[in-house]
Amino acid sequence: MSYRQTKYLIRLFLNKFLATFLYEIYVKKNAYIVKDIQNNIVVRQIKDKENIRKNFSHLLLHYPEFAFIFFKRINNNISLFSWFYNSNSMYCKIFNDTKLEGGVVCFHPFATVINAKKIGENFIFRNSITVGNKNNDNNLRRTIGNNVEIGANAIIIGDVVIGDNVLIGAGTVVVKNVPSNSIAYGNPLVIKSK
């Protein structure tokens, strides 16, 4: 057996106990985290283990992006657990006062900064996005609706509202409201209904 295989088996063994511990303390009664687990299983097309604890364990072990969001939710991103699950390597900042609903899925969230008033359910985002205020004024932060997906390198600045069921393309610069059920792309911004 190779070193890599041995290391993986040790992580698998330790994960069984750590994930069970974290599940019992943090997940069981937290609807947001449960929704995160369920949405990650669907969006990532992972074979459902038909047990929320097993799904949680699988996501923690194999998806450091999920671990990052999980540890962000429990306000414990500097712990031994986050080190074990490699979630400190994400280089992503989500401001603490951003109200984040359940169902968050992120893919490679490197170089991402999110400073919003509120983000709705089933939010999906990719790397290098900026969701920020305008003129360093936290009163000019955006609201993002339910079922919104943001592509890589997108920028959303100012006191704008992103509606429900919106897809924002990669590299898009958003400086005005985007209505529900639409697709936004480009710079300058183009908005089309779905």
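The values are calculated or read from the model by the stated rules, or taken from the named source; none is laboratory data. These numbers come from a predicted model, not from an experiment. Using ideal geometry, Cβ is built from the backbone for each residue, glycine included, and neighbour counts are taken over all protein chains shown. Quick note on the areas: whole protein, heavy atoms, side chains included, nothing else; ligands and nucleic acids left out. Shrake-Rupley method; radii C 1.70, N 1.55, O 1.52, S 1.80 Å.
Which one of these does Glu101 not meet: (1) touching a helix residue (DSSP H, G or I) at 6+ places or on another chain (Cβ under 7 Å); (2) of a type outside the set (A, V, I, L, M); (3) crowded, with 19+ Cβ neighbours inside 10 Å?
Glu101 satisfies every listed condition except (3).
Within region 82-97, is there a residue that is out of contact with any Cys (no Cβ under 6 Å at 6 or more places or on another chain), of a type outside the set (A, V, I, L, M), modelled with pLDDT of 90 or more and crowded, with 17+ Cβ neighbours inside 10 Å?
No, region 82-97 contains no residue that is out of contact with any Cys (no Cβ under 6 Å at 6 or more places or on another chain), of a type outside the set (A, V, I, L, M), modelled with pLDDT of 90 or more and crowded, with 17+ Cβ neighbours inside 10 Å.
For (1) assigned to a helix (DSSP H, G or I); (2) among the hydroxyl-bearing types (Ser, Thr, Tyr); (3) in contact with a Ser or Thr (Cβ under 9 Å, 6 or more places away or on another chain); (4) without any contact (Cβ under 8 Å) to a residue 12 or more places away in the chain, each residue gets a yes or a no:
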{"residue": "Thr6", "(1), (2), (3), (4)": "yes, yes, no, yes"}
{"residue": "Leu9", "(1), (2), (3), (4)": "yes, no, no, yes"}
{"residue": "Leu14", "(1), (2), (3), (4)": "yes, no, no, no"}
{"residue": "Phe21", "(1), (2), (3), (4)": "yes, no, no, yes"}
{"residue": "Ile25", "(1), (2), (3), (4)": "yes, no, no, yes"}
{"residue": "Ile33", "(1), (2), (3), (4)": "yes, no, no, no"}
{"residue": "Ile41", "(1), (2), (3), (4)": "yes, no, no, no"}
{"residue": "Gln45", "(1), (2), (3), (4)": "no, no, no, yes"}
{"residue": "Phe66", "(1), (2), (3), (4)": "yes, no, yes, no"}
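Looking at region 116-141, which of its residues are outside any strand (DSSP E or B), open to solvent by 10 Å² or more (accessible area, probe 1.4 Å) and farther than 15 Å from Gly171 by Cα? If you could, list the steps in order and put the result at the bottom.
Residues of region 116-141 that are outside any strand (DSSP E or B), as a first pass: 116-117, 120-123, 126-129, 133, 135-136, 138-141.
Next, from what is left, pick out any that are open to solvent by 10 Å² or more (accessible area, probe 1.4 Å): 117, 121-122, 126-128, 133, 135-136, 138-141.
Correct list: Lys117, Glu121, Asn122, Asn133, Asn135, Asn136, Asn138, Asn139, Leu140, Arg141.
Just name the residue that is nearest to the chain's Cα centre (by Cα) out of those in region 5-17 that are at pLDDT 85 or above and over 11 Å from Leu61 (Cα atoms).
Phe17
Identify, from the list Gly103, Gly171, Gly163, the residue that is among the small types (Gly, Ala, Ser), under 15 Å from the mean Cα position of the chain (by Cα) and at pLDDT 95 or above. Quick ask: steps written out before the conclusion?
Values: Gly171 fails: under 15 Å from the mean Cα position of the chain (by Cα); Gly163 fails: under 15 Å from the mean Cα position of the chain (by Cα).
Result: Gly103 is the single residue among Gly103, Gly171, Gly163 that is among the small types (Gly, Ala, Ser), under 15 Å from the mean Cα position of the chain (by Cα) and at pLDDT 95 or above.
If you check Phe110 against the conditions, is it closer than 30 Å to Leu12 by Cβ, outside any loop (DSSP other than H, G, I, E, B) and at pLDDT below 95? I'd like the intermediate steps shown before the answer.
On the way: closer than 30 Å to Leu12 by Cβ: yes; outside any loop (DSSP other than H, G, I, E, B): no; at pLDDT below 95: yes.
Considered against the rule, which asks whether it is closer than 30 Å to Leu12 by Cβ, outside any loop (DSSP other than H, G, I, E, B) and at pLDDT below 95, Phe110 comes out as no.
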